[in-house]
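Coordinate-derived values only; no laboratory data. Since the model is a prediction, treat every value here as computed from it, not as a measurement. A quick note on method: Cβ atoms are made from the backbone with ideal geometry, for glycine too, and the neighbour counts reach across all protein chains shown.
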C-alpha cells in the first residue's frame with residue numbers, strides 16, 4: 001500500500017504564471033483535501049474533493065481550482081500567481097470525507113518570484 | 001478570533017517531563033485531529049477523536065465536547081518528540097480549521 005505522494009517537491013514560478021500541483025491519494029481513499037501553509041503559519045484549508053466533486057472550500061479566491069480524477073488522484077491549479085502564494089502546499093487523503101483520519105503527503109514547496 | 005486556538009505557542013521541556021498542549025474551538029465539529037509536523041514539512045496524523053480519550057504509546061488525547069476543548073499530553077517526553085503539534089477541526093459544514101501550532105522542544 002503506497003502512501004500519499006505529491007509532485008513536484010519544489011517549484012519556482014514568477015508572478016502572473018500558472019501552476020499545477022499533483023497528488024496521488026492513498027490506495028482506497030476517495031477524499032482528498034488541499035492545504036496551504038505559509039512559512040511559520042499553520043495550514044489553511046483550500047478545498048476538499050470527494051468522489052470527483054468539490055465538497056467544501058476555504059477562504060481562497062477562484063484562481064485556486066482543483067480536480068479529482070476517477071482514480072481519486074487530484075490536481076491543484078493556481079492561476080495568476082501572486083508573491084503571497086509562496087507556501088508549502090499539502091494534500092491529504094482520507095477514506096471518506098474530512099471526518100476520517102487524514103494521511104498527508106510530503107508537500108510541494110512553491111516559490112513565487 | 002480564530003476558530004481554533006492553541007496554547008502555548010512555544011514550549012520547551014526537559015527530557016522526561018509531562019507535557020500538555022491545549023486546543024479550544026468555537027465551531028461545530030465532526031471530529032478533532034491532532035497532527036505532528038517535523039521540520040521540513042512532513043505531517044503525521046496522531047489522533048482523530050470525537051469524544052473521550054485516546055492513547056497511543058506515550059501520547060494521550062482527550063476531548064470535552066461540551067467545553068469545546070481538547071488536550072494532547074505527552075508522558076516521559078523525549079527529544080525526538082520535538083516538533084510542531086497542530087490541532088485541526090473539520091466542521092459539520094465541510095470546512096477545516098487549523099490551530100497555529102505549538103512548537104515543542106525537548107532538551108536532553
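Report the residues of segment A:1-26 in range of a label on residue A:63: point 7 Å along Cα→C-beta, backbone N strictly under 20 Å from it.
A:11-22
What relative contact order, as a whole-number percentage, does segment B:1-88 give when Cα pairs under 8 Å and 6 or more residues apart are counted?
It rounds to 35 percent for segment B:1-88.
Rank by packing, highest mean first: peptides A:84-93, A:33-42, with packing defined as the count of other Cβ atoms within 10 Å averaged across residues. Walk me through the numbers before you get to the answer.
Working: A:84-93: 22.2, A:33-42: 18.9.
The packing order, highest mean first, is A:84-93, A:33-42.
What three numbers, in Å, describe the spread of the alpha carbons of chain B along their principal axes, ordered from the longest?
43, 28, 22
Need one value for B:32-45: mean number of C-beta atoms belonging to other chains within 10 Å of its residues' C-beta atoms.
Values: counts 0, 6, 0, 5, 0, 7, 0, 0, 4, 11, 5, 12, 2, 7.
Mean partner shielding for this stretch: 4.
Computed on alpha carbon atoms, what radius of gyration and Dmax characterise segment B:64-108, expressed in Å?
For segment B:64-108, the Cα-based Rg and Dmax read 13.6, 43 Å.
By DSSP, what percent of the beta bridges with both residues in chain B are antiparallel, rounded to the nearest 5?
90 percent
Mind sorting A:11, B:59 by how few other Cβ atoms lie within 10 Å of their own Cβ, fewest first?
The order, fewest Cβ neighbours first, is A:11, B:59.
What distance in nm separates the two pseudo spin-label positions at residue B:55 and residue B:78, each 7 Å out from Cα along the beta-carbon direction?
The modelled label-to-label distance comes out at 1.8 nm.
Looking at chain A, what % of its DSSP beta bridges pair antiparallel, to the nearest 5?
Counting only bridges with both partners in chain A, antiparallel ones make up about 90 percent.
Scale the Cα Rg of chain A by the rule-of-thumb value 2.2 N^0.38 Å and send over the ratio, two decimals.
Rg over 2.2 N^0.38 Å, computed on Cα atoms: 0.98.
Contact order normalised by length for segment A:17-113, with contacts defined as Cα pairs under 8 Å and 6 or more residues apart; what percent is it?
On the way: 224 pairs, mean separation 32.8, N = 97.
For segment A:17-113, the relative contact order is 34 percent.
Across the residues of A:100-113, average count of Cβ atoms on other protein chains within 10 Å?
Partner Cβ neighbours, averaged per residue: 3.
Can you pull the mean other chain C-beta count within 10 Å for peptide B:95-105?
4
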